[in-house]
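Report on one structure; see the data block that follows.
The values are calculated or read from the model by the stated rules, or taken from the named source; none is laboratory data. The structure displayed is predicted, hence computed values, not measured ones. Every residue, glycine among them, receives a Cβ derived from its backbone with ideal geometry; neighbour counts consider all protein chains shown. Note: areas computed on protein heavy atoms with side chains; ligands, DNA, RNA excluded. Shrake-Rupley method; radii C 1.70, N 1.55, O 1.52, S 1.80 Å.
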Amino acid sequence: MAIMEKYVTLTKADRLIMDACKSLAEGLSQFIGPGCEIVLHSLEDIEHSAVKVLNGHYSGRREGAPITDLAMEMLAKIRSSGDSHTNMVYMNATKAGEPIRSATLPIVGSRGVIIGLLCMNHYLNLPVYAFFESMLTAPGGEVRAAETFASSTGELIKQVLDEVRLTVMRDAQVSAANKNKRIIALLYEKDVFKFKDAVVKVADALGISKNTVYLHLRNLDKNGVAAHDTEEGPAHGHAPATI
């Protein structure tokens, strides 16, 4: 195994990356469920490398724990591969012989140097009922959300517009004269007008001029409604925003 330096000096940007990875680790833990132990290691201090530990009851690890010999071995393999972005996924086992599916994912810093490791150990002996319970429920009981999977921005704009228009048309509290205005406001809140040509596409779908759409957008800005950047028209003074 290659000898690894004891410390890696982290820059300010590197520390921001590690902080972001802490949130990522928490999100992965919520998504995967209680059967997966997740440990975020910082290579700045390998004697106290564990800066984030989730479901550490499996191994008894806590934040401040040292890096493991296996993590060091995986790091050496990543480095020897010649690609700092190489992910290591492998089968493992506990001291008692229980199967684990593991992953060691390198975290590359601002200078292209590996500054940390995100290690995951999925304990495969988790009872079936516990596995399905974690898969079929969301933390905190969040309401199931609808998501649009479009193959192009044009299709995405159309699908979101169709959903918003249906909602507005069913709302008896919105007068017929204000239907389009309300539709545009809801699309604006969803950042639809950040997409290139969104104004033209929405105007065509609603059967109104693009200048009318821009008028509504200016009024939304004036009224302080979600002051986001929009694709610019004749009355605006900077270039169109695109995603």
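Structure above, values below:
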quantity: Long-range neighbours under 7 Å by Cβ, at least six apart or interchain, first residue over 11 Å from Ile38 (Cα atoms) within the stretch 102-121, second crowded, with 21+ Cβ neighbours inside 10 Å and acidic (Asp, Glu); calculated: Gly109/Asp14; Ser110/Asp14; Ile115/Asp14
quantity: Enumeration of residues in the stretch 111-131 that are modelled with pLDDT of 60 or more and either open to solvent by 70 Å² or more (accessible area, probe 1.4 Å) or assigned to a helix (DSSP H, G or I) (or both); calculated: Arg111, Leu124, Asn125, Val128, Ala130, Phe131
quantity: All positions within the stretch 175-196 that are open to solvent by 70 Å² or more (accessible area, probe 1.4 Å) and charged (D, E, K, R); calculated: Lys181, Arg182, Glu189, Lys190, Lys196
quantity: Single residue of the stretch 66-83 satisfying the filter (among the hydrophobic types (A, V, I, L, M, F, W, C) and part of a helix (DSSP H, G or I)) that is nearest to His41 (Cα to Cα); calculated: Ala71
quantity: Number of the exception - Leu54 against (1) open to solvent by 40 Å² or more (accessible area, probe 1.4 Å); (2) in contact with a Leu (Cβ under 9 Å, 6 or more places away or on another chain); (3) closer than 18 Å to Leu126 by Cβ; calculated: (1)
quantity: Positions within the stretch 150-165 being farther than 17 Å from Ile208 by Cα, in a helix (DSSP H, G or I) and open to solvent by less than 90 Å² (accessible area, probe 1.4 Å), in sequence order; calculated: Thr153, Gly154, Glu155, Leu156, Gln159, Val160
quantity: Residue in the stretch 87-99 that is assigned to a loop (DSSP other than H, G, I, E, B) and either modelled with pLDDT of 90 or more or open to solvent by less than 30 Å² (accessible area, probe 1.4 Å) (or both) present; calculated: yes
quantity: Number of the condition not met by Leu28 [criteria: (1) assigned to a loop (DSSP other than H, G, I, E, B); (2) open to solvent by 20 Å² or more (accessible area, probe 1.4 Å); (3) under 28 Å from Asn125 (Cβ atoms); (4) at pLDDT 90 or above]; calculated: (1)
quantity: Verdict on Lys158 being within 30 Å of the chain's Cα centre (by Cα) and within 14 Å of Leu220 (Cβ to Cβ); calculated: no
